[in-house]
Amino acid sequence: MSSMMIRCPITGEPVSTAIEVEPSVFRKLPKISARMLCPACGQEHVWATSSAWLADEQNNGRRRTGTAG
């Protein structure tokens with residue numbers, strides 16, 4: 001299992017969404033949005049699965065491959 005990560009829009013820091021998922025499941029997630037309290041800046045952010053990545057992925061914060069828009 002790997003942590004789903006997003007980039008804080010305020011600080012630019014990568015932060016964990018506190019969601020653990022298998023890579024095979026992550027690749028099949030639908031495009032949805034969620035809210036979270038950001039540990040980097042303390043504000044609430046809305047984030048989308050299309051902008052998330054797994055902590056152990058090499059693209060480290062860039063869009064998931066094979067995902068449009």
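Considering only segment 21-48, how many residues are in a strand (DSSP E or B) and either exposed (fewer than 13 other Cβ atoms within 10 Å of the Cβ) or among the hydrophobic types (A, V, I, L, M, F, W, C) (or both)? Adding up the residues that qualify gives 10. Within segment 11-20, the residues that satisfy the criterion of being surrounded by 12 or more Cβ atoms within 10 Å (Cβ to Cβ) and of a type in the set (A, V, I, L, M, F, W, C) are V15, I19. Is it true that some residue in segment 50-57 is loosely packed, with under 15 Cβ neighbours inside 10 Å, outside any helix (DSSP H, G or I) and at pLDDT 95 or above? Checked against the condition, which is being loosely packed, with under 15 Cβ neighbours inside 10 Å, outside any helix (DSSP H, G or I) and at pLDDT 95 or above, segment 50-57 yields at least one hit.
The values are calculated or read from the model by the stated rules, or taken from the named source; none is laboratory data. Bear in mind that the values here come from a model prediction, so they are computed numbers and not experimental data. Note that we place each Cβ from the backbone using ideal geometry, even for glycine, and neighbour counts take in every protein chain shown.
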